[in-house]
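Quick notes on the structure that follows.
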C-alpha cells in the first residue's frame, strides 16, 4: 500500500501553503525579543487556543497515543480528559502570568522567589525537553516515514532516520526564522488539517471494521473501559506498588492502577498545562488576560478530540488485526500467541492510514500527520530557544542587543536538536513511546507543580523552601531516570530481584511520582517555616494573598458569562466522556 501521485500532490500543496504562510509572517516580523519569542504579545484567543492544541497534539499522540489505544484501549484517555487543566490555566494561573509581564515560567519564579529558582527551573525544563519533547518528536517522525516510505535508503540511513532528519529540517526552517509568530500562525492552519485528516481516518476506519457495534464486539468491552482492572490469568491481583513476575499490581489493562491515575496523573497534567513554558508561552503571547483565558478555554475544548481521533483509530487498528480483516495488519501487530506486539503498535495510526483510506485522501491525512509532527517540534524548538536565551544568555551577557539575542535563540535550537537525536536510542529501547513520555514527565513534574501552585496560593512560602523543593524533587527524578536508563538500553540488563535498585526500577512510575510530590510539599513547607518569611511588598500581585483591589477589579473585568458558560460546557463534555467509557 503506497501513496499515489494525487497523495504526493496534496502533500506538496500542504508544504507550499505552510511555507507561504510562514514567509508572510516572517516578513511582518521585527528583530526584537518580544516579537520573536512572544509574537509581540498580539496573538488573539483563537490563535492562542489552536496553537496550544497543535503544540500538544504532536508526535506522542499520532504515534504513541494511537499505539497505546491498540494495546490498552481507552486507558490513556484519562490524560486527554485532563482538558480541565487548561481551564485552571485560563482562570487561575494566567492572570498572575499576564500581570507579571514575564517571558518565561522560570522568570515568574524569579519574581515570586529568587533568581536562583529561575536558573534551576530553566535547567530542569531544558533537560525535560531533551528527554521528552524533542527526542520523542524526532523519533515519531521517523516512525511515520518508516511506514509511509519503508524502502528508502540514503547514505546508509533507512527511512526511519531519513524521516527524523527531514522533519527537523523542514520544521526548523520556519521556526528559526519566524519565532513564535510563525509557529502560532502555522499551527492554527495545521490544527485544521490535522483534525480534518484524523476524522477521515476515524470514519473510514469504522466503515472498514463494520461500524461502532462491530468494533465493540471484536475489541471487547474492556478496551472501552476507563476503570475496569484486568488481571492476566496466572497473576495475583494486589495493591503493591512493586510487582514481581508472579505478582501483578492491579493495573488498567495490566498496567495503570486507578490510584495512580486518580492522584498522580493530575499532577503531571497541571504541571504541563499551567506551568510548562512549551504550553504557557502561547498564552503569554496574548495581549491581555481576556484573550489568554479565552484561548485556554478554546484549547480545552479542542483537547477532547484526541480520544476520538487517535485512541479510537488505535483500537480500530487492533480490531482489524485481531479479526484478520486486513492480513498485513494481523501479521504486523499480532504474534503467534494472539497477543499484540507492543513495539509494532506504535505504527498503528500511519498503518491504518495506508490500509483503509483511498488514494487521494491518504495525502490529506499524511499532511495532517506531518502537521502534527511539525507543530509539536516547532513549539518545543521555540520554547527551548526562549528559555536558553532569556533565562541564561541574556543574564550572562546583559549588554547583548535585541538582534543578537534573537540570533542566539536560533543557535540554541540547533544544539538542542542535535542532543535530541543522540537520545533516540534510549526511546527505542523503551516499552512504548507514550509510556516513555509519561514516565519521564512524571519524574520531573512534581517539584515544579509544587513550587508554582503553593507559591501562588500560599504567600508565607519563601525562596529557601522553593529551592529546597526543586533540589530534592529534581534529584529524586534524575535518580529514577538513572536507574531506569540501563534497563531501557540493555536488552539483557536487569537488577537483582529484591535489591534496592530493583525495587526503585520496578516501582510503578505514577506511585514514584506521587512520592516525589508528597516529599516536595513537606520539604517546601518545613524549610519555609524554618526560615524568614518573604517580603510581601516584593511579591505583591504574585499570590492570592498579596493581590491589590486594583488587581482584583482588573481581573474581574476581563471575563463575562460567555467565558463561564463555555468553561462549564467543557466540564460537562469531560464528565460525559467519563460516564460513557465504562465498558
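The values are calculated or read from the model by the stated rules, or taken from the named source; none is laboratory data. Everything quoted here is computed from the prediction, not taken from an experiment. Backbone-built Cβ (ideal geometry, glycine too); neighbour counts: all protein chains shown.
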(message) Take residue 579 and tell me if it is at pLDDT below 90, over 28 Å from the mean Cα position of the chain (by Cα), part of a helix (DSSP H, G or I) and surrounded by fewer than 17 Cβ atoms within 10 Å (Cβ to Cβ).
(response) no
(request) Determine whether residue 40 is modelled with pLDDT under 75, part of a helix (DSSP H, G or I) and surrounded by 18 or more Cβ atoms within 10 Å (Cβ to Cβ). (result) yes
(message) Can you confirm whether residue 310 is part of a helix (DSSP H, G or I), touching a strand residue (DSSP E or B) at 6+ places or on another chain (Cβ under 7 Å) and closer than 18 Å to residue 65 by Cα?
(response) no
(request) Check off (1) crowded, with 23+ Cβ neighbours inside 10 Å; (2) out of contact with any strand residue (DSSP E or B) (no Cβ under 8 Å at 6 or more places or on another chain) for residue 75 and give me the number that stays unchecked. (result) (2)
(message) Considering only the range 363-377, I want to know if a residue exists there that is assigned to a helix (DSSP H, G or I) and in contact with a strand residue (DSSP E or B) (Cβ under 9 Å, 6 or more places away or on another chain).
(response) no
(message) For the range 376-405, give me each residue that is in contact (Cβ under 8 Å) with a residue 12 or more places away in the chain and more than 29 Å from the chain's Cα centre (by Cα).
(response) 402, 403
(message) Of the conditions (1) part of a helix (DSSP H, G or I); (2) more than 21 Å from residue 210 (Cβ to Cβ); (3) at pLDDT 75 or above, residue 359 satisfies every one except a single condition; which number is it?
(response) (1)
(message) What's the number of the only condition in (1) out of contact with any strand residue (DSSP E or B) (no Cβ under 7 Å at 6 or more places or on another chain); (2) modelled with pLDDT under 80; (3) farther than 27 Å from residue 303 by Cα; (4) in a helix (DSSP H, G or I) that residue 244 fails to meet?
(response) (4)
(message) Going residue by residue through the range 197-208, is there one that turns out to be modelled with pLDDT under 85 and buried (at least 19 other Cβ atoms within 10 Å of the Cβ)?
(response) yes
(request) Quick one: in the range 96-114, of everything that is over 21 Å from the mean Cα position of the chain (by Cα) and assigned to a loop (DSSP other than H, G, I, E, B), which residue is nearest to residue 536 (Cα to Cα)? (result) 113
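If you take the residues of the range 43-74 that are part of a loop (DSSP other than H, G, I, E, B) and within 14 Å of the chain's Cα centre (by Cα), which of them is modelled with the highest pLDDT?
Applying the filter and picking the extreme gives 57.
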(request) Hey, could you check the range 445-482 for residues that are free of Cβ contacts under 8 Å to residues at least 60 places away in the same chain and buried (at least 18 other Cβ atoms within 10 Å of the Cβ) and say which is farthest from the chain's Cα centre (by Cα)? (result) 468
(message) Can you find a residue that is closer than 27 Å to residue 79 by Cα, over 24 Å from the mean Cα position of the chain (by Cα) and in contact (Cβ under 8 Å) with a residue 12 or more places away in the chain anywhere in the range 339-358?
(response) yes
(request) Take residue 321 and decide whether it is buried (at least 24 other Cβ atoms within 10 Å of the Cβ), assigned to a loop (DSSP other than H, G, I, E, B) and over 19 Å from the mean Cα position of the chain (by Cα). (result) no
(request) Please tell me if residue 104 is within 18 Å of residue 275 (Cβ to Cβ) and either touching a strand residue (DSSP E or B) at 6+ places or on another chain (Cβ under 8 Å) or at pLDDT below 90 (or both). (result) yes
(request) Just need a number here: residues in the range 421-444 that are buried (at least 21 other Cβ atoms within 10 Å of the Cβ) and either over 25 Å from residue 76 (Cα atoms) or at pLDDT 70 or above (or both). (result) 5
(request) Kindly indicate whether any position in the range 496-515 is part of a loop (DSSP other than H, G, I, E, B) and within 23 Å of the chain's Cα centre (by Cα). (result) yes
